[in-house]
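Reading through the structure tokens given below for one structure.
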Amino acid sequence: MSAIYSNQLAHETSPYLLQHADNPVHWQAWNAAALELARRANKPILLSIGYSACHWCHVMAHESFEDASTAQLMNELFVNIKVDREERPDLDKIYQTAYHLLTGRSGGWPLTMFLMPDEHTPFYAGTYFPNTPRYNMPSFQDVLRSVAQSFHERRADIQQQNEALLRALAEAAPAADTSVQLTATPLSDAYQFLARSYDAAQGGFGRAPKFPHPTHLERLLRHSAAVHKDRSASAMALHTLRAMAQGGIFDQLGGGFCRYSVDAHWTIPHFEKMLYDNGPLLSLYCDAWRSCGESLFRDVALATATWVMREMQAADGGYYASLDADSEGEEGKFYVWTPQSVRAALEDEAQYHLFARVYGLDGPANFEQHWNLRVSSALEKVAAELQLGPSLAEDSLHAARAKLFAARERRVRPGRDEKIITSWNGLMIKGMAAAGRVFERADLIRSAEQALDFMRRTLWKDDRLLASYKDGRAHLGAYLDDYAFTIDAILELLQARWNHTEFQFAQQLAEVMLAQFEDREHGGFFFTAHDHERLLLRPKPVHDDALPSGNGITAHALVRLGHLLGEPRYLQAARRCVQAAWHDIMQTPHACNALLLALEELLAPGQTVILRGPAAQLPMWQARCAQGYAPKRLCLAIPSDSAPLPQALARYAPMQNAVIAYVCSGTQCLPPVLELEKLSGLLHTQTSQV
């Protein structure tokens, strides 16, 4: 047992845990041996949760975990457990919820929790602690001594607090009321809330820091499509997407979005790039382009997709997790410039003046005596002032960006977390498939195919998904999000091109969700499977956070699959899920946007279009179905020679030498259509959108 008192993280696959493998702290991974050590030693657990791209995690590590005197105190007083929140989102959800209940504040990373050694209930909570007293916070060493003293001298008080916390955690779980009548009220309420919190000047919601909130923006676009083209809703979404695309949160040279903006103007980001942000944002910019045809949205979507293929896709197909905010020990160093460094890279004074005016180098520095690039002046305006023709100005600016990108590639790059996380891959597969379909880019569709193939080869074992892969090792039982986001991605990829094996895979995943995650008594879906490790709490999350709610995406996917297959079990499970969350949906509809997707389709099923015919003739019909923004339309083009098909799809029989279209809504189908123009008329018919 004595060996476990040393740092045990060198045996892990998580890049975040490996970053701490050389700390003098006797870190353990979360496992049975470490938990048993705490119980036997009667020492509280110091639980530290973070991730490899987290800037403040790095700061606390350098200040405290690499400090010999702090480590000695930690080792003496606690059993220290380090958790990668990306590998163990179950633990992160539990202890972030507990942090909120204990402190009344929103959590974050690094999350620092002190747990009882037996039932693992937290009795003291914090996030980042400095090594010396500052920011109106005590030093970390003072916190360690105080917490340890309380553990030994105030056990009765702690026990009383723990009982209250456990009651509060238990009361947070929603229960279904089967008598609930689903209504459209939350759809309009969500819109009203978003409209009130919208920043009309800068776009986005609330004040700094500004997060992209893709689920909010999707809700606004869908509201606009549903309520007779409500231009006020789409205007808010498009203004925000425009501001983000032209701001410093978007990498103006290399594509892709950073995590969030520290200011209200989208100028200075927290420079980490996360896969789980960029997947939904890629889908959203495709939707924005379909809704209005503005070239900026297409350009941003394609630049983001190009960045994903260039920097985030492994040779064997999966997508990596993130890029660090720091390089050479400094946040943002890889991305920022000075006028002198730009001038040297361009070697063309006229080109420099154009670039400097467009991207703000002629104004004051905006990031620690450096410039983070953002669009400060429209190219058309600058070109006119410099007396340049529009085409010449655009070509010059494009050439300048290419030169600066090449120069930036010679810098020391930020670290890359090369974990392949199943749920995040689902989000990005959906985004890449959407971009490939909308912009008719076969390379983007191939990228999505390769990632899904990797998941089926590597992360689907014994008819169950695994959550994470790194260095040849796939491990950890998958969570609800892994299944839900993957099904959602498959449905998007199938719209780009039909694949019978993938459709079967989606059905298999749905059956596992029903068997292993559904709360059969109260409705809804647990975040962890029925055979998962027993923890302090079994979450059933209904609110969106940085990711859309797994319950919401599950319910939406089951509604779509249920209508496609004529499978009442899927439809009933989706309805129970929404009913289970109804109290939360009514209380905070703006925080339940993923569940509102399912609610929309339960109240008024979307349009399903099945195209059958010779493979060579299908693309023209597919392209017609893809025109415009129709978020409730699902179109599958199935070649005549595709076999076998599920019985529910086999009823859509093909013609021998022509395309035939079947247009359905829920369980009701119109007569088959043989003329493309007639199909166009049905597609443009205003359907009931609630």
- Task: Write out the cysteines belonging to the chain for which the nearest other cysteine Cβ is not under 4.7 Å, or none if no such cysteine exists.
- Result: C258, C286, C292, C577, C592
- Note on the structure: Result for segment 397-460: accessible area per residue, probe 1.4 angstrom, in square angstrom, of 37 Å²
- In a Debye calculation with equal point scatterers on the alpha-carbon sites of segment 197-350 and no solvent, what is log10 I(q)/I(0) at q = 0.15, 0.19 Å⁻¹? -0.82, -1.19
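For E409 and E380, calculate 0.36 nm times their separation in residues minus their Cα-Cα distance, and state this gained length in nm to one decimal. Working shown, then result.
Numbers: separation 29, 0.36 × 29 = 10.44 nm, distance 2.86 nm.
Difference between extended and current length: 7.6 nm.
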- Accessible area per residue in Å² at 1.4 Å probe, computed on segment 45-203: 43 Å²
- Cβ-based net charge around F205, under 12 Å, with every Lys or Arg adding one and every Asp or Glu removing one: +3
- Tally Lys and Arg at +1 and Asp and Glu at -1 over the other residues with C-beta under 14 Å from the C-beta of A510: what net charge comes out? -4
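Starting from the Cα coordinates of the chain, work out the convex hull volume and express it per residue in Å³. The partial results should precede the final answer.
Working: hull volume 113.2 nm³, N = 690.
Expressed per residue, the convex hull around the Cα atoms of the chain is 164 Å³.
How many percent of the accessible area of the chain is carbon or sulfur, using a 1.4 Å probe? Walk me through the numbers on the way to the answer.
Values: 13720 of 27280 Å².
Solvent-exposed carbon and sulfur of the chain make up 50 percent of the total.
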- Point-to-point label distance, L645-Q508, nm (Cα→Cβ direction, 7 Å offset): 2.2 nm
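Do the alpha carbons of any pairs in K93/K419; K93/K461; K210/K333; K430/K678 sit beyond 27 Å of each other, and which pairs?
Numbers: K93/K419 20 Å; K93/K461 25 Å; K210/K333 21 Å; K430/K678 30 Å.
Over 27 Å apart, Cα to Cα: K430/K678.
For segment 590-690, report the accessible area per residue in Å² (1.4 Å probe, heavy atoms, rounded to an integer).
On the way: 4390 Å² over 101 residues.
Per residue, segment 590-690 has an accessible area of 43 Å².
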- Item | Extended-chain gain in nm, criterion 0.36 nm per residue less alpha-carbon gap, A615 and R40 | 200.4 nm
- Per-residue ellipticity at 222 nm attributable to helices in the chain (runs of n ≥ 4 DSSP H, -39500 (n - 2.57) apiece, nearest 500 deg cm²/dmol) works out to -14500 deg cm²/dmol
- Message: With +1 on the Cβ of every Lys and Arg and -1 on the Cβ of every Asp and Glu, and nothing else charged, how large is the dipole of segment 459-516 about its Cα centre, in debye rounded to the nearest 20?
- Response: 180 debye
- Note on the structure: Amide H proximity to A264 below 5 Å, modelled H, separation 5+ or other chain, gives A208
- Task: Give the Debye-formula value of log10 I(q)/I(0) at each listed q (0.18, 0.22, 0.30 Å⁻¹), with one equal scatterer per alpha carbon of segment 460-511, two decimals each.
- Result: -0.62, -0.84, -1.14
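The values are calculated or read from the model by the stated rules, or taken from the named source; none is laboratory data. This is a predicted model, so every value here is computed, not measured. No Cβ is skipped: glycine too gets one built from the backbone with ideal geometry, and neighbour counts run over all protein chains shown. Ligands, DNA and RNA are excluded from the accessible area calculation, which covers all protein heavy atoms including side chains. Shrake-Rupley method; radii C 1.70, N 1.55, O 1.52, S 1.80 Å.
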